[in-house]
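**Student:** Take a look at this one; I'll ask things after.
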Amino acid sequence: MKLSLSFATSSIMLTSLLGFSAGLLSQENAHGHHQRYKLIDVGTFGGPQGYVNPEGNGGPYINHSGMIVGNTQTATPLPVNTDPFICYPGPNVNHAFVARGNRTVDLGALEPSEDNCSDALGINDHGEIAGQSSTSEFDPLLGVNQMRAVVWKNGKIEDLGTFGGNESGATSVNNRGQVTGFALNDVPDPYSIFGYFFLGSPNSTQTRAFIWKDGVMRDIGTLGGNDAQVFPGYINERGQVAGISYTNTVPNAATGLPTIDPFLWDGHKMIDLGTLGGHGGFAAALNNRGEVVGNSNTAGDTGTHPFFWSNGVITDLGTFGGNFGDGNDLNDNGEVVGDGNFPGDQIRHAFLWSHGYKKDLGVLPGDKCSTASAINSRGQIVGLSGMCGFGIRAFIWERGEMANLNDLVFPKSDVILVEPTVISDDGKIGVNGLPPGCDNGDVCGHPYLLIPDGDCDDDLSARITADQSIPSETAKYLTPQNDQATKTDAVKTTMDRLRVRMQRKLRNTGGGLP
C-alpha cells in the first residue's frame, strides 16, 4: 500500500522519530545564542584546593535554588591514619561545602571536625545534603580511620551508621528525604566491593547497598552475590536506586572477581540490568523515568562501552570505532552524553545519544580529545576538551556549537576553567578550575560556579570567533603510529579500567581525558 502524508504530518513524525532537540539538529549557532556567565570562586577553607564532584558520582550537585555542593580543603594538615578514600588527595583535611552565589558554608565533619574529612555528594531542593565523613575511630581491617555516611539537615550533621561493619558512605538524596549509599556489615569478605574492588584490600567485610529515611537504614539486597554498592549511584524522585552488585560468589577467570552487574532497585526488588556480554558493568546515572546509563565490558572482556537501559532493554551505545567509551550522564528526556574512542584507542570524542541516534560533538579548535560530563533538560552539555590528557579546557555545547567556557566569562577572568561537572536545568554550571598562578600539575585547583548573566555581547562573540579560528589537528592523530604523543588507556584489562574510572569519580579526581 502506498501512503501519502502531508508535509506537516511528515515533519511531526520525523521530528518524533529522531527524538533530537532543535539544538542538536541545528549545526550553526549565532554566538549571541550563548550565554555569558558571572564567575564565582567558591574558594577553599584555607587549604590549597577544592572540587565540585563529577556528575556520575551521585548527586545532583546543584538544586533548583542554585545551591551547589562539593568539598574543599582547610588549613589543617592531614593527621595520621586518615582514610585516603575520603581525604584524597591531600595534603590537607577537606570539608564538604554548600555554596549559593557568593556565600560558601563549611559543613564541617563528625567530631573532631577539624581533624576529619568530609565530602558532599548530593543535595535536594530542601537543602538536605548527603555525603560522608571520616571519624576518629580506627578500622583495624583496612588500617585507616573509619568513614560514615552522613546527612546534613538544618546545619547539623547526622551519622547514618553501618550494618555492623566499619565503613559507610552516602551518595544521593531525593526530595522525599530518602538517602542512598553503601554500608559494610560484619561478615568477612575477601572480595568486598568497597574493601577489595576499590581499595585493593582482601581484609574487609561485605558491602551492602542501602536506602535510608528518618533514621532507618534498609539493606536493599544483591543480585545473588555477597555485595552490592550504590557508590557511585543515584536515587531518583520515585525512590528508585541504581548501583552495582555481584551476581555470584565465584571469581571468574576474566576479571579475578565475581561478576559485577549494574542494577535498578524499583522500591521492592533489585533488577539485573545485565551487561554487553562481559563480566563487569556499572551504573553511572539514573533519571526520573527509571532509565540508566552506565558502562559495561563487551563480549570477551576486550572492551568497555557505554550503555543505555530502559524498560528491560540494554542498548550498546558503542564508540567511534575504538574499544573503549564511557556513558557519563543522562537527562529526563533520555538523552545520554559521554565519550568514545576512535580506532587505535588514541583519541576520544564527546557524544550525544538520543533515541537511537548518536552525534559526535567534536573538540574545541586545536584539540584532539573531548568528553561530555553532564547534560540538563534543555539539552545543554558541558565537558572537557584538550590534548588527550593535558591542556584541558571546559566547554559548553548547545544549538550545534561547542564553545570554550573560558570565552563566555564576563568580565574576562584569568581563571582557567578546566572541568565542568554539572549543569542545572536553569543553566548554572559547577566547574573545577585553576586560579591565576596555578598550573595543571600543582595542588591548587578551586571549585567555581558559573551563573548565566545575559546573552553574549560583541566582545564575547569576538572571543569565540578567535578561538574557533585555531586550526584543528585532530585528524593527524587518528593513526596508530602517533600514540607516543597522546595519553592512552594504560590499564591492561577492562575490569581494571572500570575500577580506575570509578575510583576517579569516587576520589574526586575527575574523569580526565581519556
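**Student:** Just to check your reading of the model, which residue among LEU110, LEU142 is of a type outside the set (Lys, Arg), closer than 20 Å to GLN206 by Cβ and assigned to a loop (DSSP other than H, G, I, E, B)?
**Tutor:** LEU142
**Student:** Here's a follow-up. Name the pairs: first residue in the stretch 95-116 and within 17 Å of GLN49 (Cα to Cα), second residue among the charged types (D, E, K, R), Cβ to Cβ under 6 Å, at least 6 apart or on different chains?
**Tutor:** From residues that are within 17 Å of GLN49 (Cα to Cα), the pairs are HIS95/ASP106; ALA96/ASP119.
**Student:** Being at positive phi and touching a strand residue (DSSP E or B) at 6+ places or on another chain (Cβ under 7 Å), is that true of even one residue in the stretch 410-432? Before the answer, list the steps.
**Tutor:** Step one: filter the stretch 410-432 for residues at positive phi, giving 427.
Now narrow it down to the ones that are touching a strand residue (DSSP E or B) at 6+ places or on another chain (Cβ under 7 Å): 427.
The answer is yes, given that some residue of the stretch 410-432 is at positive phi and touching a strand residue (DSSP E or B) at 6+ places or on another chain (Cβ under 7 Å).
**Student:** Quick test of your reading of the structure: THR82 fulfils all but one of (1) over 30 Å from PRO452 (Cβ atoms); (2) of a type in the set (Ser, Thr, Tyr); (3) assigned to a strand (DSSP E or B). Name the failing condition by number.
**Tutor:** Unmet for THR82, out of (1) over 30 Å from PRO452 (Cβ atoms); (2) of a type in the set (Ser, Thr, Tyr); (3) assigned to a strand (DSSP E or B): (3).
**Student:** So for the stretch 42-56 (the condition being modelled with pLDDT of 50 or more, assigned to a helix (DSSP H, G or I) and touching a strand residue (DSSP E or B) at 6+ places or on another chain (Cβ under 8 Å)), does at least one residue qualify?
**Tutor:** Within the stretch 42-56, one or more residues are modelled with pLDDT of 50 or more, assigned to a helix (DSSP H, G or I) and touching a strand residue (DSSP E or B) at 6+ places or on another chain (Cβ under 8 Å).
**Student:** Which members of the stretch 246-264 meet the condition of being farther than 14 Å from TYR196 by Cβ, buried (at least 22 other Cβ atoms within 10 Å of the Cβ) and more than 19 Å from the chain's Cα centre (by Cα)?
**Tutor:** THR259 - this is the single residue of the stretch 246-264 that is farther than 14 Å from TYR196 by Cβ, buried (at least 22 other Cβ atoms within 10 Å of the Cβ) and more than 19 Å from the chain's Cα centre (by Cα).
**Student:** Looking only at the stretch 63-79, which residues are farther than 16 Å from GLY46 by Cα and either without any contact (Cβ under 8 Å) to a residue 24 or more places away in the chain or not in a strand (DSSP E or B) (or both)?
**Tutor:** Within the stretch 63-79, the first condition is being farther than 16 Å from GLY46 by Cα, and the residues that meet it are 63-69, 79.
Answer for the stretch 63-79, where residues must be farther than 16 Å from GLY46 by Cα and either without any contact (Cβ under 8 Å) to a residue 24 or more places away in the chain or not in a strand (DSSP E or B) (or both): ASN63, HIS64, SER65, GLY66, MET67, PRO79.
**Student:** Here's something else I'd like to know. What number of residues within the stretch 275-290 are over 20 Å from THR259 (Cβ atoms) and under 16 Å from the mean Cα position of the chain (by Cα)?
**Tutor:** Looking only at the stretch 275-290, we keep the residues that are over 20 Å from THR259 (Cβ atoms), and these are 285-290.
Next cut, under 16 Å from the mean Cα position of the chain (by Cα) only: 285-287.
Summing the residues that are over 20 Å from THR259 (Cβ atoms) and under 16 Å from the mean Cα position of the chain (by Cα) in the stretch 275-290 gives 3.
**Student:** Specify which of the listed residues (SER172, SER134) is of a type in the set (Gly, Ala, Ser), over 18 Å from ASN94 (Cα atoms) and touching a Ser or Thr at 6+ places or on another chain (Cβ under 9 Å).
**Tutor:** After applying the criteria, what remains is SER172.
**Student:** Let me spell it out: the conditions are (1) under 18 Å from PHE182 (Cβ atoms); (2) in contact with a Cys (Cβ under 7 Å, 6 or more places away or on another chain), and ASN53 meets all of them except one. Which number is the exception?
**Tutor:** Unmet condition: (2).
**Student:** Go through THR302, THR315 for me and flag whichever is surrounded by fewer than 20 Cβ atoms within 10 Å (Cβ to Cβ), in contact with a helix residue (DSSP H, G or I) (Cβ under 9 Å, 6 or more places away or on another chain) and over 21 Å from LYS368 (Cα atoms).
**Tutor:** Exactly one of THR302, THR315 is surrounded by fewer than 20 Cβ atoms within 10 Å (Cβ to Cβ), in contact with a helix residue (DSSP H, G or I) (Cβ under 9 Å, 6 or more places away or on another chain) and over 21 Å from LYS368 (Cα atoms), namely THR302.
**Student:** Quick one: would you say ALA253 is at pLDDT 95 or above, out of contact with any Pro (no Cβ under 7 Å at 6 or more places or on another chain) and farther than 21 Å from LYS153 by Cα?
**Tutor:** Answer is no for this residue.
**Student:** Separate question: Looking at the stretch 416-453 only, could you name the residues that are touching a helix residue (DSSP H, G or I) at 6+ places or on another chain (Cβ under 8 Å) and either of a type in the set (A, V, I, L, M, F, W, C) or more than 24 Å from HIS34 (Cβ to Cβ) (or both)?
**Tutor:** If we filter the stretch 416-453 for residues that are touching a helix residue (DSSP H, G or I) at 6+ places or on another chain (Cβ under 8 Å), which is where we start, we get 416-417, 420-422, 429, 431, 450.
Those that are touching a helix residue (DSSP H, G or I) at 6+ places or on another chain (Cβ under 8 Å) and either of a type in the set (A, V, I, L, M, F, W, C) or more than 24 Å from HIS34 (Cβ to Cβ) (or both): ILE416, LEU417, VAL422, ILE429, VAL431, LEU450.
The values are calculated or read from the model by the stated rules, or taken from the named source; none is laboratory data. Since the model is a prediction, treat every value here as computed from it, not as a measurement. Note that we place each Cβ from the backbone using ideal geometry, even for glycine, and neighbour counts take in every protein chain shown.
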